[in-house]
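Trainee: Pasting in a structure now, in structure tokens, and then I'll have a few things to ask.
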Amino acid sequence: MTMQAFLHQVMAGLASGAIYAAVALALVMIFKATHQVNFAQGELAVFSTYVALSLIQRGLPYGAALAISLVVSFLAGVAIERVIMRPFKNAPEVTSVIVFIGLLVSINGLAGWKFTSSIQQFPSPFPDRAWYSSTYLSAHEAGTICVTLCVLGLVFAFFRFTRLGLAMRAAAENPRSSRLVGIRVGWMLALGWGLAAALGAVAGAMAAPSLGLEPNMMASVLLYAFAAALLGGIDNPWGAPIGGFLVGVFINLAGAYAVGEQLKLPLALAVIVGVLLFKPSGLFGRTIVVRV
Amino acid sequence: MTVVTEAAALTSGVRARRPSAARLAVVALIGGAIVVPFVVTGYHVLQLTQIAIYAIAILGLNLVTGYSGQISLGNGAFFALGSYTAALLITRLGVPYWLTPPIAAVVCYGFGYAFGRSATRLEGIYLALATFGLAVSTPSILKFELLERWTGGSQGVVLAKPSSPIAALDVDQWLYLFTLVVAIIVFVAAWNVIRGRTGRALAALRDHSIAASTMGIDTVSYKSIAFGVCAMVTGIAGALQATVTGYVSPDSFQVFLSIQLLVGGVVGGIASIFGSLFGAAFIELVPDYAKALSDDAPAALYGILLIICMMGMPGGIAGLAYQTRMWLARRRVHRASS
């Protein structure tokens, strides 16, 4: 094991970790507001990526196609919250999980139906040889990390420095009081869904060039993102990205040096179960004590 | 837990009120199931066998999710374990195929109990996450290099199809009847468990676990037992599947299998023993028609149906049948009194 190969694995892990970080943050955003885990997060991202691809195939430049697909997924997220999820706001967990699985399967089926279910090439916005590529990181990997960090920064700035962001945080934290001070809690929830969907769409567009675009592209990414969100503490938005990068590097190193490529997914399962059993609040989460 | 509770309430009343009619229906169903392979041919016999296998697997899911209220999205993994156990017993140890369901049952019970035991600290969504992870990673575990000597890696294991011991029956008819007998045994056993002490304890846990534990129900061991029984029943279905298809491979146990079982459970009625039959018939027959539209149409249809069921008919087909009967009965009473 040479130092160079090791560093290369770490960097590649950071690049995939960036994608897990984005998806994990999207999961945490919805969890914070609704205490539900969005099993359909990955499929939504795949669908947005298909939208972007079909726009590119129609001749639109990459940037415009991606922007339109982000808007489309934002609107789709809002619509899904208002139309499908709203009736289940106070439903028991079994019900909401089944609805999310329904959403997952139907979006997956529709993606395969409307587009094809065979693997398609998705272009990377970053040129093959760029000044920021190196022996450790390809241009696409470096670009992915950079884009993710920028997007995460934007999301945090939005929640920290804008009135709307503050209102959304308030609505998630304490819906009843927020309602009393005039925040439209229902719409804040829908906006949160829209933002999460758009965030997922960015992750999808970054993942597609290396994974290959097909309806099940995000299935494994979703599992890693679950692991990341739980590791970071599922109710902590700061923990999610950190968890994402940690899981990315850890799984990549373990895959390369310890357990082999095939056991990466089971290893993510082990991380999920391990965190839930030994430290359910994750590294940075709040411990919640339930009272009867 | 209103949905499952409601569904349980909808379906448990059926037989309590009119036992004789229900018993008649069961006898008619079994009689019909025995006669039918002699009436229909070839492919349809295989389909019926498949429905019986799915019914057992969905029953397993019903027991854990419907009756004990724990979400399991990973039943495909138990199914896979049952299948591989049977395949290895037959090819490596020369065990006759008819012995594989009980052995697979024991193996799967052990695995399910251990999984349930470690997962009892997980509730609700966390359990859903863990079992979903199990379902997603099953194919990778089956393809794992170090296990390849036994599992055959991504190639899987091929079994010889058994021959029929009765000359008058061809092999498909024989395997159908064999599956049917196993299914009847499993259903009767499940029926007894649900109606007895264990079933009541599980229902109490599902509806209010804290109240149940103050009444002296050992929550941890009952929850683990529920998972064990679920895995056992699903594993029996898996073992039958291996014998009937004569082939096991990792690709047959993708996450879609678990989702298919969930769809069958929900559409049939998640807390109903007989709902499993409807659910099994649904997931075996409907995709064939949906595939005429597109290969991916069944998935889309499944998903939309899951959402519609949760919105409009939480009791599934079994619940709907019960509601219709109640509505008819009310109308009769109403007419008689006016």
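Please treat every number below as a calculation from the coordinates, not as lab data. Computed from a predicted model, the values in this text were never measured in an experiment. Methodologically, a virtual Cβ is constructed for each residue, glycine included, from the backbone with ideal geometry; neighbour enumeration extends over all protein chains shown.
Trainee: Over all residues in B:300-313, what is the mean tally of Cβ atoms on other chains that come within 10 Å of each residue's Cβ? Kindly include the intermediate steps, with their values, before the conclusion.
Mentor: Details: counts 10, 3, 6, 13, 6, 3, 9, 12, 1, 4, 11, 7, 0, 0.
Neighbouring Cβ atoms belonging to other protein chains average 6 per residue here.
Trainee: Apply the a/c threshold of 1.5 to the C-alpha gyration tensor of chain B and tell me whether it is rounded, prolate or oblate.
Mentor: Oblate, since a/c reaches 1.5 and b/c is not below a/b.
Trainee: Taking +1 at the Cβ of each Lys and Arg and -1 at the Cβ of each Asp and Glu, which of B:L59, B:T100, B:L46 sits farthest along the dipole of region B:30-171 towards its positive end, judged by Cα position relative to the Cα centre?
Mentor: B:T100
Trainee: Here's something else I'd like to know. Using Cα positions and a limit of under 26 Å, work out the lysines in reach of A:K32, with same-chain residues fewer than 8 apart set aside.
Mentor: List returned: A:K89, A:K279.
Trainee: A further question follows. Show me the trypsin sites (Lys or Arg not before Pro) within region B:53-161 that DSSP assigns to loop and that have at most 14 other Cβ atoms within 10 Å of their Cβ.
Mentor: Working: sites: B:R92, B:R117, B:R121, B:K143, B:R149; in loops: B:R121.
The qualifying sites are B:R121.
Trainee: While we're here: Within straight cross-link reach of A:K264, meaning Cα distance under 16 Å, which lysines are found once same-chain residues fewer than 8 apart are removed?
Mentor: By straight Cα distance, A:K264 reaches B:K143.
Trainee: Same structure, new question: Taking 8 Å as the Cα distance limit and 6 or more residues as the minimum spacing, I'd like the relative contact order of region B:201-338 as a percentage. Don't skip to the answer; put the middle values down first.
Mentor: Numbers: 92 pairs, mean separation 23.8, N = 138.
That works out to 17 percent.
Trainee: Right, here's the next one. Using +1 on the beta carbon of Lys and Arg, -1 on that of Asp and Glu, and nothing else charged, what's the dipole of the protein assembly as shown about the Cα centre, debye to 20? Walk me through the numbers before you get to the answer.
Mentor: Values: 38 positive and 22 negative charges, 466 e Å.
In debye, rounded to 20, the protein assembly as shown gives about 2240.
Trainee: Set the Förster distance to 60 Å, then compute FRET efficiency between B:L147 and B:R331 from the Cβ-Cβ distance, nearest 0.05. Let's see the in-between values first.
Mentor: On the way: r = 60 Å, r/R0 = 1.00.
That gives a FRET efficiency of 0.50.
Trainee: Going by amide H atoms built from the backbone, whose H comes under 5 Å of the H on B:Y247, apart from near neighbours?
Mentor: Correct list: B:L159.
Trainee: So, one more: Taking 0.36 nm per residue of sequence separation and subtracting the Cα-Cα distance, how much length would be gained by fully extending the chain between B:L169 and B:A292, in nm to one decimal?
Mentor: Numbers: separation 123, 0.36 × 123 = 44.28 nm, distance 3.28 nm.
Extra length from B:L169 to B:A292 when fully extended: 41.0 nm.
Trainee: Per the helix-only calculation at 222 nm, which mean residue ellipticity applies to the protein assembly as shown, given -39500 (n - 2.57) for every DSSP H run of n ≥ 4 and division by its residues, nearest 500 deg cm²/dmol?
Mentor: On the way: 26 runs with 460 residues, N = 630.
Computed ellipticity for the protein assembly as shown at 222 nm equals -24500 deg cm²/dmol.
Trainee: State, as an integer percentage, the relative contact order of region B:2-337 based on alpha-carbon contacts under 8 Å between residues 6 or more apart.
Mentor: Details: 516 pairs, mean separation 113.0, N = 336.
RCO, region B:2-337: 34 percent.
Trainee: Next question. What average number of partner chain Cβ atoms lie no more than 10 Å from the Cβ of the residues making up B:258-268?
Mentor: Working: counts 1, 5, 1, 0, 5, 4, 0, 1, 5, 0, 0.
Shielding by partners across B:258-268 averages 2.
Trainee: Sticking with this structure for a sec: Hey, which lysines would be in cross-link range of A:K114, C-alpha to C-alpha under 22 Å, not counting anything within fewer than 8 residues on its own chain?
Mentor: B:K291
Trainee: Let's see if you can work this out: charge +1 on each Lys and Arg Cβ, -1 on each Asp and Glu Cβ, no other charges. What is the dipole magnitude of chain A about its Cα centre, in debye to the nearest 20?
Mentor: Values: 17 positive and 9 negative charges, 206 e Å.
In debye, rounded to 20, chain A gives about 1000.
Trainee: Relative to the Cα centre, what is the charge dipole magnitude of region A:1-137, using +1 at the beta carbon of each Lys and Arg, -1 at the beta carbon of each Asp and Glu, and rounding to the nearest 20 debye? Can you show the working numbers first?
Mentor: Values: 7 positive and 4 negative charges, 52 e Å.
Magnitude of the dipole: close to 240 debye.
Trainee: Now, a different point. Return, ordered by residue number, the residues of region A:191-212 whose backbone nitrogen is under 12 Å from a label point located 7 Å along Cα→Cβ of A:I119.
Mentor: A:209-212
Trainee: On to the next question. Taking Cα atoms of chain A, Rg/Rh with Kirkwood Rh, to two decimals?
Mentor: Working: Rg = 18.8 Å, Rh = 19.5 Å.
Looking at chain A, the ratio lands at 0.97.
Trainee: For a Förster distance of 60 Å, can you work out the FRET efficiency between the beta-carbons of A:T2 and B:R197, rounded to the nearest 0.05?
Mentor: Values: r = 64 Å, r/R0 = 1.06.
The calculated FRET efficiency here is 0.40.
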